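For reference, the structure discussed in these notes is given below.
The values are calculated or read from the model by the stated rules, or taken from the named source; none is laboratory data. Predicted model, so just to flag it, every value in this text is computed and none were measured. Using ideal geometry, Cβ is built from the backbone for each residue, glycine included, and neighbour counts are taken over all protein chains shown.
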Number of protein chains: 2
Amino acid sequence: MTHSVPDVLESLLGPGRVIADPAVLEARRHDYWMVSHVRDLAGTPAPRPAAVVRPTSVAEVQKIVRWAGEAGVALLPFGLGSGVVGGTIASADAVVLDMGAMGAVRSIDPENLLASFDAGMNGQAAEDAVAARGLTIGHWPQSVAISTVGGWIATRASGQFSTAYGNIEDIVHSIEAVLPNGDLVVLGKGPRASAGPDLRHLMLGSEGTMGVITGGTFSLRRAAEARALTCFEAADMRAGFALQREIVQRGWRPPVMRQYDERESRRMDARLTKCAILMVHEGPAALVAAETAAVAALAAEMGVAAAPADVVEHWLGHRNNVPGWDAILSRNIVADTVEVSADWTRIAAVYDAAVASLKEVEGCMAASAHSSHVYRSGLNLYFTFAVQTAGPAVMEATYMECWRRIMQATADNGGSLSHHHGIGRVRRGWLETELGPEATALLRRVKAAVDPAGIMNPGALIPDA
Amino acid sequence: MTHSVPDVLESLLGPGRVIADPAVLEARRHDYWMVSHVRDLAGTPAPRPAAVVRPTSVAEVQKIVRWAGEAGVALLPFGLGSGVVGGTIASADAVVLDMGAMGAVRSIDPENLLASFDAGMNGQAAEDAVAARGLTIGHWPQSVAISTVGGWIATRASGQFSTAYGNIEDIVHSIEAVLPNGDLVVLGKGPRASAGPDLRHLMLGSEGTMGVITGGTFSLRRAAEARALTCFEAADMRAGFALQREIVQRGWRPPVMRQYDERESRRMDARLTKCAILMVHEGPAALVAAETAAVAALAAEMGVAAAPADVVEHWLGHRNNVPGWDAILSRNIVADTVEVSADWTRIAAVYDAAVASLKEVEGCMAASAHSSHVYRSGLNLYFTFAVQTAGPAVMEATYMECWRRIMQATADNGGSLSHHHGIGRVRRGWLETELGPEATALLRRVKAAVDPAGIMNPGALIPDA
């Protein structure tokens, strides 16, 4: 007599770990990638997984992983499902490893500015826990309230304050993970080391393919002493990029620097008619004062006009409000946001080419972009598209055509194809374009070494040879 | 008839690539690890390698690597040999891949603050090339004039200005490398990406074990508008650490922050009798003014006295003068510097334990430390020891005993065992203590996937299973 996967897991873990509720099985079929929702509408939905298991300890994760390795069962780590690139799509024989029951604060250490959390901890709850001690993680993805700290690591996430505070790889101190062979590792020790290749980077951006992240320790900051908001309006995207470049290359580092094209500027505030630039300055009061004065002087010198700072205040208050897919899909519209990056001298060409290409798509209702993460050598672009389609039968193809156009325009102009959402399935066919065939083959060899049975999130991230 | 390795390489590469000069073969036997010099004195010298080959192009490196893989010959990449941990020691059948003929500037791009170099480029020459354009790499290892840019990447190096400008992993934009199978990869694209695990970190800190780094592109800075020097004297190491912690955790970031114990302070300047703290502040003039005022106020508030700033001026002018081993070894003295790191709350205990333990070594002439790289969550310590021995026969054992004591004291107190010199051979036996057995096994699996024939720098970095 063969036993069902839920029965086997129940006998392995004891009662209460295997979720039988059909609503949970239904909800854990996929993440928030629009295509999975389109497929539900089109009558080709992802199947329910064989089981959803919710471990309560690292030891239970190890048991599950070892069992999956022996049984050859696909394991799909699942945080809060806010991923938007198809990183998680169940198959009927896969087990979804729901990390939701591992959501505790492990420690907060104000002297060393360190905090440790279970991987399943809600991001906003983690931030709130350290904020109560006068500290901040400083990582503010738009999904902060609907994502987990483990998900941040797995997706190599970026936050809205990244220009000064860094992306997740700059904030993470150590990563606890269960490898596909069941081994528990803690990667990262001390404030910095040269002890061989930094193995934290096997997990950062791994999207569930290299093991199960079970905990994370972050290097915090004290809450900023002062904050100031400034807003400017550039004549066009190029003029705005030039100002942003000059600010950063002169050595200033406002945590938030965002630049919107005309369409997005108008949508944000009717008073704005050109390209809005929003900045949040934080730090010691004297530094904030020096930075805001320098930025204002530079903008004036470069002919970029000041704009009302209440625009930034409004953005701060509403920045994480995102409409759900349902309202859009019910009108047969496909839409998404797509983030890429490029050097300063290439970014305007990427913008122009991608927006122009999107506008050629039949039914295109919107094609626009803003930048939101700035570096010494360049910055990102965050495209938005919306296309009216004839209905569910053509929605996926139309959606993928929009993506193809943005990827192609970015690649043609020398940009990098994913700034922070990750690869998942939507970009999987483009990973080789990004890395080159030799480095893609290298990634496959590393994956095979770490996960020889191929149980960890098959089908995501890494293209087949 | 069998052909010698030099003959085979000569037929593969053509004339002028294989170095027959016995002086070169002698000089390429090892890096600057003291133990290799001790062994020369003790009559157990490392052998000359089978050949020294000096490629002039990436294509030649690929030819050499492919040949070595087929022939099963060990390949030892060699920059300028300034490594101090035994990363390179030849065996009689190994081929040393001297990168010295690949030393060109490939491009300097002031708009995007990017510069690309051949891996064999001298560090100071690379810095000079960008300085001529008003730019800086911002990476100032003590070895800057005697190391290569490829060596910086291979060893995961730190520079003296790291507290603001970061370590090499924060400065490197992309890495060009020839993998052990001969594939050429360029790892890193655009200012930032989430495109799977960041494969640059397979090469950063790889110490020649993962392939041959052939080029590097760095994200530069403009030369700072202003610089200020400040010096303080704390009553003891703990008081100094407390001040440094407060400066950094309040959000200030002087590029150089160094703190010397009493012994090293006195050696540096006879006017200093306690623990000197040296800082270099750089950036926009208004930022430097705000930072120096804030630091001075904080020091006064915390009871840390001001000291003459000319101490910092003197350090800047003499910071890379290091005595050679010969003068020391000829007096039967062993000496070295050993860098570790720890959290703020652990660093004083690491200091106390390591210095106390070193002083117990028979013949100990000096045991001291300074810190030189500061992070939000902690900082490094850079120990110096010198021990008078009875002669060459006992020098290696005495030297290794000093290392053992520093490693043990650091591990016992929760520190990380290598801040920036790397692992090589001197720390190879400690890598498992640092990473844990499971992560060490993971590193071995990754190494085997990247270099299945084990041709790349065998014996360095990765301990045997």
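Can you tell which of A:Leu114, A:Leu97, A:Leu75, A:Leu80 is within 11 Å of another protein chain (Cβ to nearest Cβ) and either within 30 Å of A:Trp403 (Cβ to Cβ) or of a type in the set (A, V, I, L, M) (or both)?
A:Leu114
Could you pull out every one of the helices (runs of 4 or more DSSP H) wholly within region B:372-465 that has 2 or more residues that are under 30 Å from B:Val280 (Cα atoms)?
Once the helices (runs of 4 or more DSSP H) in region B:372-465 are filtered for at least 2 residues that are under 30 Å from B:Val280 (Cα atoms), what remains is B:392-412.
For region B:178-215: of the residues being among the β-branched types (Val, Ile, Thr) and within 9 Å of another protein chain (Cβ to nearest Cβ), which is surrounded by the most Cβ atoms within 10 Å (Cβ to Cβ)?
Ranking the qualifying residues of region B:178-215, first place goes to B:Thr209.
Hey, could you check region B:1-27 for residues that are touching a helix residue (DSSP H, G or I) at 6+ places or on another chain (Cβ under 9 Å) and aliphatic (A, V, I, L, M) and say which is surrounded by the most Cβ atoms within 10 Å (Cβ to Cβ)?
Checked region B:1-27; the qualifying residue surrounded by the most Cβ atoms within 10 Å (Cβ to Cβ) is B:Leu9.
For region A:113-137, how many residues are over 22 Å from A:Ala177 (Cα atoms), out of contact with any Leu (no Cβ under 7 Å at 6 or more places or on another chain) and not in a helix (DSSP H, G or I)?
3
Of all residues being in contact with a helix residue (DSSP H, G or I) (Cβ under 6 Å, 6 or more places away or on another chain) and facing chain B (nearest Cβ under 10 Å) in region A:157-177, which is farthest from A:Arg319 (Cα to Cα)? Just the residue, please.
A:Ala177
Go through region B:258-285 and count every residue that is among the hydroxyl-bearing types (Ser, Thr, Tyr), within 29 Å of the chain's Cα centre (by Cα) and not in a strand (DSSP E or B).
The total comes to 1.
For the subset of region B:414-429 comprising residues that are more than 8 Å from every other protein chain (Cβ to nearest Cβ) and on the phi < 0 side of the Ramachandran plot, which member is surrounded by the most Cβ atoms within 10 Å (Cβ to Cβ)?
Step by step, filter region B:414-429, then rank; the result is B:Val426.
Is one or more of the residues making up region B:238-248 farther than 16 Å from B:Arg376 by Cα and not small (Gly, Ala, Ser)?
Yes, because at least one residue in region B:238-248 is farther than 16 Å from B:Arg376 by Cα and not small (Gly, Ala, Ser).
If only one of B:Leu435, B:Leu461 is in contact with an Asp or Glu (Cβ under 8 Å, 6 or more places away or on another chain), crowded, with 21+ Cβ neighbours inside 10 Å, within 24 Å of B:Ser162 (Cβ to Cβ) and not assigned by TED's automatic domain parsing to the domain that holds B:Ser341, which one is it?
Exactly one of B:Leu435, B:Leu461 is in contact with an Asp or Glu (Cβ under 8 Å, 6 or more places away or on another chain), crowded, with 21+ Cβ neighbours inside 10 Å, within 24 Å of B:Ser162 (Cβ to Cβ) and not assigned by TED's automatic domain parsing to the domain that holds B:Ser341, namely B:Leu461.
Tell me the residue from A:Trp325, A:Trp252 that is modelled with pLDDT under 95, crowded, with 18+ Cβ neighbours inside 10 Å, at negative phi and touching a His at 6+ places or on another chain (Cβ under 9 Å), please.
A:Trp325
Out of (1) surrounded by fewer than 24 Cβ atoms within 10 Å (Cβ to Cβ); (2) in contact (Cβ under 8 Å) with a residue 40 or more places away in the chain, the odd one out for B:Val340 is which?
Just one mismatch for B:Val340, condition (1).
Kindly establish whether B:Ala369 is modelled with pLDDT of 95 or more, more than 28 Å from B:Arg245 (Cα to Cα), more than 8 Å from chain A (Cβ to nearest Cβ) and crowded, with 17+ Cβ neighbours inside 10 Å.
For B:Ala369, the condition - modelled with pLDDT of 95 or more, more than 28 Å from B:Arg245 (Cα to Cα), more than 8 Å from chain A (Cβ to nearest Cβ) and crowded, with 17+ Cβ neighbours inside 10 Å - is not met.
Tally the residues that are touching a Ser or Thr at 6+ places or on another chain (Cβ under 6 Å) and aliphatic (A, V, I, L, M), restricting the search to region A:388-412.
Final tally of qualifying residues: 3.
Determine which member of the set B:Val288, B:Val311 is in contact with an Asp or Glu (Cβ under 6 Å, 6 or more places away or on another chain) and part of a helix (DSSP H, G or I).
Selected residue: B:Val311, the only one of B:Val288, B:Val311 that is in contact with an Asp or Glu (Cβ under 6 Å, 6 or more places away or on another chain) and part of a helix (DSSP H, G or I).
What helices (runs of 4 or more DSSP H), lying completely within region B:1-112, carry at least 3 residues that are closer than 28 Å to B:Thr398 by Cα and of a type in the set (Lys, Arg)?
Of the helices (runs of 4 or more DSSP H) lying wholly inside region B:1-112, none has at least 3 residues that are closer than 28 Å to B:Thr398 by Cα and of a type in the set (Lys, Arg).
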